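Note sheet for the following structure.
What follows draws every value from the coordinates through simple rules; no lab data is involved. As the structure is a computational prediction, the values presented were derived from the model and not from experiment. Heads up, the Cβs are rebuilt from the backbone with ideal geometry, glycines too, and the neighbour counts pull from every protein chain shown.
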Amino acid sequence: MACTISADEIRRVKALGFLNNKGTDLFNGRVITVNGKITAQQAKVIAEAAEKFGNGDVEFTTRLTVEVRGIHFDNIEPFREYIAGAGLQTGGTGSLVRPVVSCKGTTCQYGLYDTFALSEKIHERFYLGYRSVKLPHKFKIATGGCPNNCVKPDLNDLGIVGQLVPDFDEDMCNGCKKCKIEKVCPMKAAKVEDGVLEIDQELCNNCGRCIGNCPFDAIEEGTPGYKIYIGGRWGKKVAQGRALSRIFTSEEEVLDVVEKAILLFREQGHTGERFADTIARIGFEEVERELLSDEILQRKDEILAAKLHLAGGASC
């Protein structure tokens, strides 16, 4: 069966989160999960909607959204209305802030902060709050609970990684020949040298595994924080994100940096380029300087009001 839907209508519903099944009048409806977490009731409603309006199949995307397959063009609005009753919505396309991806750091044994709580705040403030803000290209955000990087924060436009910086009290160190800190360190950053424990800061990733393992209380506590990577990208042209030089110690600082990065991308990015390209063109040092100052936030209203990227730049 050939597609009878116009190209303009296909573009219009794609902006709503419905992707055309090539050569047909059927679409995949992309349901936003906020951060990969839905309630049992919401899962039930998605399943019911898949049977009622689609072909009964449900797929999970790499960005932790849920796609219901085989929705006829005429059923798009009824589908949206049906899932809205469970607090669900479709979307996740275009040159905009994309759905936030989170690891399970909230409940994981290695998690260093509540990833679900932070990702929900980012979702509310930037995915929903910036829905009308056109960007040069898509902007992906990931929240990772620890340096295991399961959600690949450094391959997103902006990634957040939990940190627990060990507070090492050298005076309490006995320089044990069989040091428990040295044994437990997964990065091999801790090593007893000349009777004293040394921690190689180039190797230490602040995973916090060493905290509380010294019988002489040399590392009893750690300072919790967040490392922020910018300019990562996965796809046809891979870019490794780089970490900002600071470890941020408050959630509000992190949220401010996220907002400044989005505003910088909107103001200084060229339509069609990803954030990695913007950073490469401007220079990492200059981008970091701007993200660590408040200059961009002072121009926030001006940046948001500017008529930029009207054609859109998301090519994939």
So who's got an amide H within less than 5 Å of the one on Glu67, skipping anything under 5 residues away but keeping other chains? H placed 1.01 Å off N, in plane. Val31, Glu59, Phe60, Thr61
Residue (of Phe265, Phe116, Thr65) at the positive-pole extreme of the chain, dipole from beta-carbon charges: Thr65
Overall form of the chain per C-alpha gyration tensor (a/c, 1.5; a/b vs b/c): prolate
For each of Asp74, Asp25, Asp194, count neighbouring Cβ atoms within 10 Å of the residue's Cβ, then give the residues from fewest to most. Asp194, Asp74, Asp25
Any idea what the relative contact order of the stretch 102-245 is, in percent, if you count C-alpha pairs under 8 Å spaced at least 6 apart? 24 percent
Expected sort for Leu291, Leu19, Leu203 with the fewest Cβ neighbours (10 Å cutoff) up front is Leu203, Leu19, Leu291
Set of aspartates and glutamates near Lys22 by C-alpha distance (under 18 Å), chain-local residues within fewer than 8 positions excluded: Asp8, Glu9, Asp57, Glu59, Glu67, Asp74
What lysines does Lys177 reach when the alpha-carbon gap must be under 16 Å and sequence neighbours fewer than 8 apart in one chain are set aside? Lys188, Lys191
For each of Phe53, Phe216, Phe275, count neighbouring Cβ atoms within 10 Å of the residue's Cβ, then give the residues from fewest to most. Phe216, Phe53, Phe275
Can you give me the relative contact order of the stretch 170-219 as a percent, contacts being Cα pairs under 8 Å and 6 or more apart? 41 percent
Structure-based [θ]222 nm, the chain - -39500 (n - 2.57) summed over DSSP H runs of at least 4, per residue, nearest 500: -8000 deg cm²/dmol
Can you grab the distance from the C-alpha centre of the stretch 39-57 to the C-alpha centre of the stretch 283-297, Å, no decimals? 44 Å
Once you order the gyration tensor axes a ≥ b ≥ c over the Cα atoms, which shape class does the stretch 153-246 get: rounded for a/c under 1.5, otherwise prolate or oblate by comparing a/b with b/c? prolate
Provide the percentage of antiparallel DSSP beta bridges, counting only those with both residues in the chain; round to the nearest 5. 80 percent
Relative contact order (percent) for the chain, with alpha-carbon contacts under 8 angstrom and 6 or more residues of separation? 14 percent
